1. Just give me the residues in the stretch A:262-276 being buried (at least 19 other Cβ atoms within 10 Å of the Cβ) and closer than 13 Å to A:Gln305 by Cβ, in sequence order.
2. Search the stretch B:216-232 for residues being closer than 24 Å to B:Leu175 by Cβ and at the interface with chain A (Cβ under 7 Å from one of its Cβ atoms), and hand back the single one that is surrounded by the most Cβ atoms within 10 Å (Cβ to Cβ).
3. Among the residues of the stretch B:211-232, write down those that are assigned to a helix (DSSP H, G or I) and either in the same structural domain as B:Ala284 (by TED's automatic domain parsing) or of a type in the set (D, E, K, R) (or both).
4. Return the residue satisfying two criteria in turn: it lies in the stretch A:164-186 and is out of contact with any Phe, Trp or Tyr (no Cβ under 8 Å at 6 or more places or on another chain) and not in a helix (DSSP H, G or I), and of such residues it is surrounded by the fewest Cβ atoms within 10 Å (Cβ to Cβ).
5. Across the stretch A:253-266, which residue is nearest to the other protein chains (Cβ to nearest Cβ) among those that are in a helix (DSSP H, G or I) and modelled with pLDDT under 90?
6. Quick one: count up the residues across the stretch A:236-251 that are surrounded by fewer than 17 Cβ atoms within 10 Å (Cβ to Cβ), at pLDDT 95 or above and charged (D, E, K, R).
7. Which ones in the stretch B:233-251 are part of a helix (DSSP H, G or I) and within 8 Å of chain A (Cβ to nearest Cβ)?
8. Go through the stretch A:73-99 and give me each residue that's assigned to a helix (DSSP H, G or I) and hydrophobic (A, V, I, L, M, F, W, C).
There are 2 protein chains.
Amino acid sequence: MEQVAAVAGGLDAAGIEYIEVTHGDGLAGSSFNYGRSATDEEELIKAAAGVIKNGILTVLLIPGIGTIEDLKRAEACGAKAVRVATHVTEADTAEQHIRMAKSQGMKVFGFLMMSHMAPPEKVVEQAKLFESYGADFVYVADSAGAMLPDDVRARVGAVVQAVRVPVGFHAHNNLTLATANSLAALEVGATFLDGTCRGLGAGAGNTQIEALVGVLNKVGYQTGVDFYKIMDVAEDLVEPMMHRPQVVRNAPLMLGYAGVYSSFLLHTYRAAERFNLNPRDILAELGKRRMVGGQEDMIVDVAYQLANQ
Amino acid sequence: MEQVAAVAGGLDAAGIEYIEVTHGDGLAGSSFNYGRSATDEEELIKAAAGVIKNGILTVLLIPGIGTIEDLKRAEACGAKAVRVATHVTEADTAEQHIRMAKSQGMKVFGFLMMSHMAPPEKVVEQAKLFESYGADFVYVADSAGAMLPDDVRARVGAVVQAVRVPVGFHAHNNLTLATANSLAALEVGATFLDGTCRGLGAGAGNTQIEALVGVLNKVGYQTGVDFYKIMDVAEDLVEPMMHRPQVVRNAPLMLGYAGVYSSFLLHTYRAAERFNLNPRDILAELGKRRMVGGQEDMIVDVAYQLANQ
């Protein structure tokens, strides 16, 4: 709780508008499957609510992992906004959550994960669904860090043209392009960007927010964020808490290259050993076949087929 | 020597064309001022020469630090190419070194450091000087990691239009844009790019080459480099040798933001303490005044003026 309060307070003082406090897999994400949180999420949300003065305390909800009841509890703890995240083709699973959050007076982001897996017209269709449910903002998320700047421009640009609400972009750094992709999103009309101090996040991490603020200052965008203060949050508060430096090692690089979920990694290593294959060939093939999370049982089949080629 | 031989051999087997083995400040850079090498440079060049089969062993020479005699010794140790590097406005200091290297049959790169400090027309003028001395290739180098993709396009694009020889680009990652800037250079006609495994380099480091190869594969460029093999060199050979992870901490970020030399850092911290200033304000002011390496004595003056404002 002390750590969350320190970081949330620092981000707030630096001028960050939306501050998200939730398990990486959303409300109720703390589980055997997704990894246990050290502290109950309600306590963490309350800790942040107690220190945020200007920013908007936000939570993440992935329908199917978290429920409407979880969201109500988070709102009672002080959350004022929610990011409702679905796979890029599954926006309709978020309708009830978005409508409920709006009825509670929360700000709502509709958040399309793994957007690299769908063509721009599909991303547009799904973003419009979010808008029709009442979302205040829609987000294109490159959850696997698989997009090149042109991929970002195509998808974000198409969504900006198609919806009336503001559009955001969420990057991962698997291909070392998180900052550049964020710039590409702004170029085509996005007005919200995500980041984390030192890029802290699963695998290759997210956009390194203190660097992003510096770059945006240099380009001439107004961010509302104090560059020195956000640097200090990164170096004085977040970095000392990190368990490992945020480096792009081979596994996240290969996930971004193949465009697949990080949950595939362990299963792929096991299958590679069993069939005497290079795990990277399996990941590349899974990407080609556009496998999505939940299809981990297919990895053995793919490995078997590769081994027999 | 064993470390250099292992890495050079790995890079060679992965398909890297030019493999540079020299102190970061070039031949004879091992000194009190620039930092001592653990091993004599001639031994390191010989160690690389003994393992490289397909690549071209390259050395770095900064006229004023290294001399023509140093270059002759490096050539006798097996170097086949040299990168002669000058400040972006000082190409004429390299004429004798370039002509001598050509007369020895070496491949020669003319390398313009701190290119962000000069406008495109000045970079072109200096690149043409290199070409007139006989350089086989010219390089635009973003030594402070201060460029945005548009800065790269402007300078590299102008040089590509103006010279007949192939053009290269050398990035630093201070603003987390090294890979994106490398892509921008290719877009406007560069055909040579630099990189290091895991981005290993001073401060924020250079372009992470294994990520760059993956990105170039995805875009559809032919690099001649084996993606899996270069990843393995990074993770199995280079990473275990690194003294610290290559993370963009605040100091290199601020240097890239301000566009100043890393040699300014220590002097700036001292001046900040003496005049009770934020060192970042001093660095930003040094960047605005376009101070170059060797002007460290001006830092106290700048700090004094800032303190009296």
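1. Correct list: A:Ala271 only.
2. That would be B:Lys218.
3. Correct list: B:Lys218, B:Lys229, B:Asp232.
4. Filtering the stretch A:164-186 for residues that are out of contact with any Phe, Trp or Tyr (no Cβ under 8 Å at 6 or more places or on another chain) and not in a helix (DSSP H, G or I), the one surrounded by the fewest Cβ atoms within 10 Å (Cβ to Cβ) comes out as A:Arg164.
5. Here is the first cut: in the stretch A:253-266, the ones in a helix (DSSP H, G or I) are A:253-258, A:264-266.
Cutting the leftovers down to modelled with pLDDT under 90 gives us A:264-266.
On the way: A:Phe264: 17, A:Leu265: 15, A:Leu266: 18 Å.
For the stretch A:253-266, the residue satisfying everything is A:Leu265.
6. Summing the residues that are surrounded by fewer than 17 Cβ atoms within 10 Å (Cβ to Cβ), at pLDDT 95 or above and charged (D, E, K, R) in the stretch A:236-251 gives 1.
7. B:Ala234, B:Glu235, B:Glu239, B:Asn250
8. Across the stretch A:73-99, the qualifying residues are A:Ala74, A:Ala76, A:Ala91, A:Ala94, A:Ile98.
The values are calculated or read from the model by the stated rules, or taken from the named source; none is laboratory data. Remember, it's a predicted structure, so these values are computed and weren't measured experimentally. Please note: Cβ atoms are built from the backbone with ideal geometry, for glycine as well, and neighbour counts cover all protein chains shown.
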